[in-house]
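Participant: Pasting a structure below so you can have a look.
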Amino acid sequence: MRQETPVPASTGPKKLRYHTIREAIRRDIETRRVSPGERLPSDAELAVRFDASRLTVIRALRELETEGLVHRRAGSGTFVRSAPAAAATHTFGILMPDLGDGEVFEPIARGIARAGEALHHRMLWGNAPASGQQKEQYADELCRYFIDRKVSGVFFAPVELTAHQDDINRRIAADLTSAGIPVVLVDRCVLPYPQRSHHDLAGIDNHRAGYRMTAHLIGSGCRSIAFAYRPGSAPTVDARLAGYRCALQQHGLVEVPLPSGAPLREFVEQHRPDGIVCANDLTAARLMHDLLKMGIRIPEDIRMVGVNDVKYAGFLPVPLTTLRQPCHEIGGAAMTLMLERQASPEAPVRDILLDCELVVRQSCGAK
């Protein structure tokens, strides 16, 4: 596969067991230890080879299947796919203004690239500047570049935390559509939650994520729970906030407002929260440092949780309990949506929402 401005290698957390199995089988395929069309060892044989459960092996094989490297036949086994003819190659654009942040979108972009590798697809992308106005301009210019290049499709993660984000996102999606370029949204929609655009989307169920983390704190004994977020965030945050409120309502608890800009000490003294659900790990990290400076103990006084499981989540002053986004898998799902959209342009719009893994650490006070 050819790519421009390649994404740097991950420096994230230690790989899970199924990641290790997936990469080992990938190396066998790439180095031709197993040939195109050849049958892989059975699930049970691979489980013995890697000293893992069959479920773990199956998860690794399903990811390789999503990436187009293998295909599974019921009752027959798993086979290495034959490489398609070079004429089938497409050029896709990755428009992710937050790609340079590196915590979520870089691994998603790598997942997209890997999913297209077996089909010899080419990826075009770049890194955006950090400031809001420059980020908006960059996104607009990159959109024009993709249109001029007549790419086969664009993977678009809408801009957030800028002054004109809603207008920019809608215009980019509309311009690409007018140019006849399929758009697959990644992580978030171009419209405010709970509205839904007419583009396919790959991500996680953010409403469920907010509900799940709130319910986790409730299960840990919290009864006065706040939700922390940055105003102007993406629709994913609004969905997590809605899930937080749903969990409180179902458990008969009242929302504890955490207004933006209010003095933190004043808020804590007035509302005395015993738990805080943070919209993401960055918000949790900043809030944790502020609370610790105030002499508030975590988790003894306030329990905290986040969402994303960024690489530093386990190395904060109090290791953070969070939901781990399956970033590589989101990328693979996005590529699946793109190829299916090209094959069936009139098909109904689809969401592929992947599940997250709960990573329990010290900040929530649970074992």
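Participant: So, in the range 149-173, how many residues would count as being closer than 13 Å to residue 233 by Cβ and touching a Ser or Thr at 6+ places or on another chain (Cβ under 8 Å)?
Facilitator: Adding up the residues that qualify gives 2.
Participant: Kindly indicate whether any position in the range 167-184 is assigned by TED's automatic domain parsing to the domain that holds residue 333, touching a residue at least 40 places away in the same chain (Cβ under 8 Å), within 30 Å of residue 29 (Cβ to Cβ) and not basic (Lys, Arg).
Facilitator: There is at least one residue in the range 167-184 that is assigned by TED's automatic domain parsing to the domain that holds residue 333, touching a residue at least 40 places away in the same chain (Cβ under 8 Å), within 30 Å of residue 29 (Cβ to Cβ) and not basic (Lys, Arg).
Participant: Name the residue that is farthest from residue 239 (Cα to Cα), counting only residues in the range 332-359 that are in contact (Cβ under 8 Å) with a residue 60 or more places away in the chain and assigned to a loop (DSSP other than H, G, I, E, B).
Facilitator: 345
Participant: Test residue 204 against the criterion of being within 30 Å of residue 269 (Cβ to Cβ) and β-branched (Val, Ile, Thr), and give yes or no.
Facilitator: no
Participant: Identify all residues within the range 306-331 that are touching a helix residue (DSSP H, G or I) at 6+ places or on another chain (Cβ under 9 Å), part of a helix (DSSP H, G or I) and farther than 20 Å from residue 203 by Cα; write none if there are none.
Facilitator: Passing the criteria: only 313.
Participant: Let me ask you something else. Of the conditions (1) surrounded by 15 or more Cβ atoms within 10 Å (Cβ to Cβ); (2) farther than 26 Å from residue 59 by Cβ; (3) in contact (Cβ under 8 Å) with a residue 40 or more places away in the chain, residue 300 satisfies every one except a single condition; which number is it?
Facilitator: Tallying (1) surrounded by 15 or more Cβ atoms within 10 Å (Cβ to Cβ); (2) farther than 26 Å from residue 59 by Cβ; (3) in contact (Cβ under 8 Å) with a residue 40 or more places away in the chain, residue 300 fails exactly one: (1).
Participant: Return the pairs, sorted by first residue and then second, in which the second residue is part of a helix (DSSP H, G or I) and among the small types (Gly, Ala, Ser), the first residue lies in the range 20-32 and is within 12 Å of residue 70 (Cα to Cα), the beta carbons are less than 9 Å apart, and the residues are 6+ apart or on different chains.
Facilitator: 22/60; 25/60
Participant: Looking at the range 1-112, what helices (runs of 4 or more DSSP H) fall wholly within it and have at least 2 residues that are at pLDDT below 90 and in contact with a strand residue (DSSP E or B) (Cβ under 8 Å, 6 or more places away or on another chain)?
Facilitator: The qualifying helices (runs of 4 or more DSSP H) are 54-66.
The values are calculated or read from the model by the stated rules, or taken from the named source; none is laboratory data. All of these numbers come straight from a predicted model, not from anything done at the bench. In this analysis, Cβ positions are derived from the backbone assuming ideal geometry, glycine residues included, and neighbour counts consider all displayed protein chains.
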